[in-house]
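One structure is given below, encoded as structure tokens.
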Amino acid sequence: MANLTGLSIAEALDGLARREFSAGELVQAHVAAMAAARPLNAYITETPERAIEGAKAADARRARGEALPLDGIPLAIKDLYCTEGVPTTAASHILDGFKPPYESTVTANLWRAGAVMLGKTNLDEFAMGSSNTTSYYGAARNPWRRTGDNRPLVPGGSSGGSAAAVAARIALGATGTDTGGSIRQPGAFCGIVGMKPTYGRCSRWGIVAFASSLDQAGPMTRSVRDAAIMLRHMAGHDPKDSTSVPRPVPDYAAALTGDIRGLRVGIPTEYRVDGMSDEVTALWRQGIAWLEAAGAKTREISLPHTKYALPTYYIIAPAEASSNLARYDGVRYGLRVPGGNLREMYDNTRGEGFGAEVRRRILIGTYVLSAGYYDAYYLKAGRVRSLIARDFASAFETVDAILTPTAPTPAFAIGEKSDDPIAMYLNDVFTVPASLAGLPAISVPGGLTRDGLPLGLHLIGRAFDEETVLRAAGVLETAASFTAEPQGRWSP
Amino acid sequence: MAIDKATVAKVAALARMRVPEAELDALTGELGQIISWVEQLAEVDTTGVEPMTSVVAVDLPRRPDAVTDGGYCEKVLANAPQGMAGFFAVPKVIE
């Protein structure tokens, strides 16, 4: 029998259909691998019994000839998605003991397609971070290490546990969420594919809210085809999310024709930033060459407001976060820290329940929204955001997709950059602009650094044109033929 | 806009979030640094530019004003730190 944890989702579905193995065997292999990889701290909650039950039901359906499209596929779920009856922590102390009495729309869609849940993955607290080090449950670790250097590295963030789980072969795929790069940057750091679809493609209902005008669910997988397969079963209109868009969901895998002849790809001049490693520059150049070799036409484009994207994001996202996180008050769910009166109870609960980075962002958000500053900060950021979206709109008059690196550096060591919030924020310099404009974007592994760490290439497309993004990503994937795997040094 | 300790304490109070006195100095430095960094937006000319209010062009959907959900008090209260007789319970607010 094949190494069941090394398969892609597409290969696993084929193997199940041909009865080469059962869903029970597939899930059992993942449950064992998940237990062996606990030093990675990729999962906050493991749900092996539930996965095994789900696999039984999937095998029974298949035996009756009623197999569902993802029947028996074991997935990891970022612990920001509410899952009925299963603890949902957002990696925060303040959600202690919270068991949602409902299921998020995206996970409900996946279970309806037959997928089964292995567990809930680690993340930066409330998805605020780029390193998965702000989790109340401890840092998740990147399964990759630098050659000849045993220091543990960050998996990126905020969907760091999901990225680590997929890279370490302890899930066939995972859900992530992306507010400013939280799917794509960890995807790049862990050598996997991560896709943020267009804002509105996936329902946000039942996903713990961080910044509602930016949050979007997406797949994290080991191939572009798997991302296409997963996205199809995550996306779709949901009346419970007023920003979810009533558009039919295409068969994304059908878009992977490998044919990008004549595709016009823009290379934004402004993405050549200070502090970008020479290896990242070289990979970007290589990506351009790969696309051209496949018949695409690349050209320089200008996105003039790029340098303002990060400061814009760091007004808008904390502002929305400070509003969204107002609900954690010790009354309806989660942690309550007693106080002499109601006001003290609020102050104590929120003071103790939120970690340092979350507190910092709530304070920034509260400050920029406070009386007298709202126009200067929040409205100004909204106006610059319009200009950033306009930059993309005019670029897409002459190109069909945009190619950039995913992150300016490869994964860094746990603890590095943690004393300088702005240095940490700069990780998202290439991913934040597409988030502000709501555009679909993907990170594809492109190669390894000299010391053996994965780097990602990043493609951005027009709103709702995930298909072009996936098609071009498939071409990059084939050209890069990224087959390197982390070495499994997490085993005790 | 320079941020001082008093401003941070005031904002923390507005956010209903206790910040230990010992952390105030460090936080004041960090917030000041972040705020002065985002203030570079002032150099962008946004004359006549409307702030973005909708990320994708979509009309806000409407539905009939009818009750479509509810009727499960126990589920709603299941996660409450303290519930009583079908209500959320909080510390006394009236002496």
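So, by mean Cβ neighbours within 10 angstrom, what's the order for A:136-146, A:406-416 with the highest one leading?
In descending order of packing, they fall as A:136-146, A:406-416.
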Please compute, for peptide B:23-29, the average count of beta-carbon atoms on other protein chains lying within 10 Å of each residue's beta-carbon. 1
Obtain the nm distance between the two label points defined at A:Arg272 and A:Ala10 by a simple spin-label model: each point lies 7 Å from its Cα along the Cα-to-C-beta direction. 3.5
Which residues in the range A:81-111 place their backbone N less than 19 Å from a point set 7 Å from the Cα of A:Ala356 along the Cα-to-Cβ direction? A:91-94
Extending each Cα 7 Å along its Cβ direction at A:Asp420 and B:Glu21, get the distance between those two points in nm, one decimal. 3.3
Please identify, among B:Ala66, B:Ala42, B:Ala12, the residue showing maximal mean-square fluctuation in a Gaussian network model of chain B using a 10 angstrom Cα cutoff. B:Ala66
To the nearest 0.05, what FRET efficiency results for A:Glu344 and A:Arg299 with a Förster distance of 45 Å applied to their C-beta separation? 0.15
Cross-link partners of A:Lys240 among lysines (Cα-Cα below 21 Å; sequence separation of 8 or more within a chain): A:Lys78, A:Lys99, A:Lys196, B:Lys75
Determine the gain in length on full extension of the stretch A:Tyr373-A:Lys307; use 0.36 nm per residue of separation and subtract their C-alpha separation, reporting nm with one decimal. 21.5 nm
Dipole magnitude of the protein assembly as shown about its Cα centre (Cβ charges: Lys, Arg +1; Asp, Glu -1), debye to nearest 20: 760
Could you work out the Rg to Rh ratio of the range A:336-492, with Rh taken as the Kirkwood radius (inverse of the mean 1/r over all Cα pairs)? 1.08
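Under 25 °C and 0.890 mPa s, how fast does chain B diffuse according to Stokes-Einstein, given a Kirkwood radius computed over C-alpha pairs? Answer in µm²/s, whole number.
Stokes-Einstein gives a translational diffusion coefficient of 126 µm²/s.
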Within 10 Å of the Cβ of an average residue in B:5-15, the count of other chain Cβ atoms is 5
Within 10 Å of the Cβ of an average residue in B:53-62, the count of other chain Cβ atoms is 6
For the protein assembly as shown, whose charge dipole is built from +1 on Lys and Arg Cβ atoms and -1 on Asp and Glu Cβ atoms, the candidate among B:Leu41, A:Ala55, A:Pro440 with its Cα farthest towards the positive end is A:Ala55
With unit charges on the beta carbons (Lys and Arg positive, Asp and Glu negative) and the dipole taken about the Cα centre of the protein assembly as shown, which residue among A:Ala293, B:Pro91, A:Tyr313 sits farthest to the positive side? A:Ala293
Using the C-alpha atoms of chain A, what convex hull volume per residue, in cubic angstrom, is computed? 140
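Taking N as the number of residues in the range A:49-205, what is its Cα Rg relative to 2.2 N^0.38 Å? Intermediate values should be presented prior to the final figure.
Values: Rg = 15.9 Å, N = 157, 2.2 N^0.38 = 15.0 Å.
My calculation over the Cα atoms of the range A:49-205 gives 1.06.
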At a 10 Å Cβ-Cβ cut-off, how would you order B:Val11, B:Val49, fewest neighbours first? B:Val49, B:Val11
Report the Cα centroid-to-centroid distance between the range A:72-119 and the range A:352-400 in angstrom, as an integer. 29
Taking Lys and Arg as +1 and Asp and Glu as -1, residues besides A:Ile315 with C-beta under 13 Å from its C-beta add up to +1
What value in Å³ per residue do you get for the convex hull of the alpha-carbon atoms in the range A:1-81? 96
Would you mind computing, in nm to one decimal, how far apart the modelled labels at A:Asp451 and A:Arg18 are, each placed 7 Å from Cα along Cα→Cβ? 4.2
Amide H within-cut-off set for A:Lys78, under 5 Å, with H built and near neighbours excluded: A:Thr121, A:Thr175
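Throughout, read-outs are computed from the coordinates displayed, never taken from laboratory work. Source: prediction; values computed, not measured. Quick reminder, even Gly has a Cβ in these numbers, built from the backbone with ideal geometry, and neighbours come from all protein chains shown.
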